[in-house]
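Comments concern the structure below.
The values are calculated or read from the model by the stated rules, or taken from the named source; none is laboratory data. A quick note: this is a predicted structure, and the numbers were derived from the prediction, not measured. Virtual Cβ from ideal backbone geometry, glycine too; neighbours counted across all protein chains shown. Please note that ligands, DNA and RNA were not included when accessible areas were found on the heavy atoms of the full protein model with its side chains. Shrake-Rupley method; radii C 1.70, N 1.55, O 1.52, S 1.80 Å.
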Amino acid sequence: MNSSSHVVTEFLLLGFPNVTGFRAAILFIVILVIYIMTLMINTMVMVLVSIKPQLHSPMYFFLQQLSLIESMFLTVVVPNMLQVIWWEGVAISVRGCIAQSYLYCALGNAECQLLTVMAYDRYLAICNPLHYSTIMDSRLQKFLVIYCWVFGFLLTQITLIFLCQLHFCGSNVINHFFCDLAPFVQLSCSLKIAFQIMILIFAIPAIVIPFILVIISYICVFITILGISSAKGRKKTFSTCSSHLTVVTMYYGTLITIYMVPANGDTLTLNKLIALLYIVVTPLFNPIIYCLRNQEMKTVMEKLISVSVRQ
């Protein structure tokens, strides 16, 4: 730990201080396997959507972008996390910590926007089916995807500017497995209050507004589904949005829980476990959910497996 009179140039990421020896090795292997599996499945989804004509629809185009974002999101955190677990704590420079925080927030922001776009796509497909193909054409699809990426990274530039203004002169120990904003900024000896206010303001367009838009979209969807006379028709229509609804529930459920649970005292371990679920496990389940719950994706996967078995 650095003296308060010294300028901090690097941080020590503690990871999971209570997980050592054999348990640390098991955790390392589990996370490494999940990481590799997630990259493989997301890559497969991206390739299949690109080469299979039956998957050339807006929903799968957006799913392809979701797989790309989550692969990048995972790669920003997990390789460094594996080092932290293996060595039971790893040093990271202040600039490295700022870069990881920025990319983590930017990709998370882009994913929030994309999930909102996907909810809008389902709203159009179910509530306005006659004009769906006319409205959601390739031009609008590309515009919405570009918007998600650009907005995600540009909005987070505000966070980056504030992070670069922070000074660290006290403790250099971060009790986490990556440079999350809250425990990282907590070590600063300047601009804490201003930064905390900025984060609250940042959360409105990044998380709150997208979440509200998703809720509004699904309220309209459910009203339309309830208006369908036949039970079979309601079930078939609901199946077209059930995958996205499941993914949104998992994403926002873990995200909200992370930032509602205070990261101190007895709740710190719980906070890290929820963050682990959000960062590592959710990106693995998302493409699996789409593959299992969407008939077109299941059909393509079954044909691919059948061809592989024959060869």
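Here are some notes:
- Close amide H contacts of residue 172 (hydrogens built in the peptide plane, cut-off under 5 Å, sequence separation of 5 or more or a different chain): 2.
- Rounded to the nearest 20 debye, dipole of segment 83-189 from Cβ charges on Lys, Arg, Asp, Glu: 220 debye
- Under 5 Å, built H, 5+ apart or other chain: amide partners of residue 10: 94
- Shown here: the chain, whose C-alpha atoms stretch 70, 48, 34 Å along the first, second and third principal axes, sorted largest to smallest.
- Computed from the C-beta positions of residue 50 and residue 150 and an R0 of 35 Å, the FRET efficiency is 0.95 to the nearest 0.05.
- Projected label points at residue 222 and residue 75, each 7 Å from Cα along the beta carbon direction, are separated by 3.8 nanometres.
- Positive-end ranking of 81, 37, 57 along the dipole of segment 24-161, with charges on Cβ about the Cα centre, is headed by 57.
- Contact order, relative form, for the chain: 27 percent (alpha carbon pairs under 8 Å, 6 or more residues apart, mean separation divided by residue count).
- In segment 37-165, Cα pairs under 8 Å separated by at least six residues give a relative contact order of 29 percent.
- Segment 141-254: relative contact order in percent, alpha carbon pairs under 8 Å with at least 6 residues between: 19 percent
- Rounded tilt (10° steps) of 21-51 against the dominant C-alpha axis of the chain: 40 degrees
- The residues of the chain expose, per residue, 50 Å² of accessible area to a 1.4 Å probe.
- 13 Å reach of a label modelled at residue 133, 7 Å along Cα-to-Cβ, counting backbone N of segment 52-87: 57-58
- Spread of Cα-to-Cα distances over 10 Å intervals beginning at zero, given as percent, for segment 1-76: 16, 28, 22, 19, 12, 4, 0
- Between the Cα long axis of helix 282-293 and the first principal axis of the chain there is an angle of about 10°, rounded to the nearest 10.
- Heavy-atom accessible area, probed at 1.4 angstrom with all protein chains present, ranks 147, 132 as 147, 132, highest first.
- Label point distance in nm, residue 143-residue 26, each placed 7 Å from Cα along Cα→Cβ: 5.4 nm
- Sequence-distant residues sharing a close amide H with residue 90 (under 5 Å, placed H): 13
- Using only side-chain charges placed at the Cβ, +1 for Lys and Arg and -1 for Asp and Glu, the dipole size of the chain relative to its Cα centre rounds to 920 debye.
- Taking the C-alpha atoms only, the angle from helix 192-203 to the longest principal axis of the chain is near 0 degrees.
- 229, 67, ranked by accessible area, largest first (probe 1.4 Å): 229, 67
- Cβ charges +1 (Lys, Arg) and -1 (Asp, Glu), total dipole of segment 24-149, debye: 220 debye
- When the helices of the chain are scored as -39500 (n - 2.57) per DSSP H run of n ≥ 4 and the total is divided over every residue, the value at 222 nm lands at -25000 deg cm²/dmol.
- Couplings 3J(HN,Hα) of segment 137-152, computed from phi: 7, 4, 5, 5, 4, 5, 4, 5, 5, 4, 4, 4, 5, 5, 4, x Hz, in residue order, whole Hz [Karplus 6.51 cos²θ - 1.76 cosθ + 1.60, θ = phi - 60°; x for Gly and Pro].
- Note on residue 209 and residue 167: the extension gain reaches 12.0 nm, defined as 0.36 nm multiplied by sequence separation minus the Cα-Cα distance.
- Non-local Lys pairs in the chain, i.e. 8 or more apart or on different chains, that have alpha carbons under 27 Å apart: 13
- Mean-position separation - Cα centroids, segment 116-143 and segment 15-94, in angstrom: 29 Å
- Full extension of the segment from residue 182 to residue 99, taken as 0.36 nm per residue of separation minus the current Cα-Cα distance, would add 28.4 nm.
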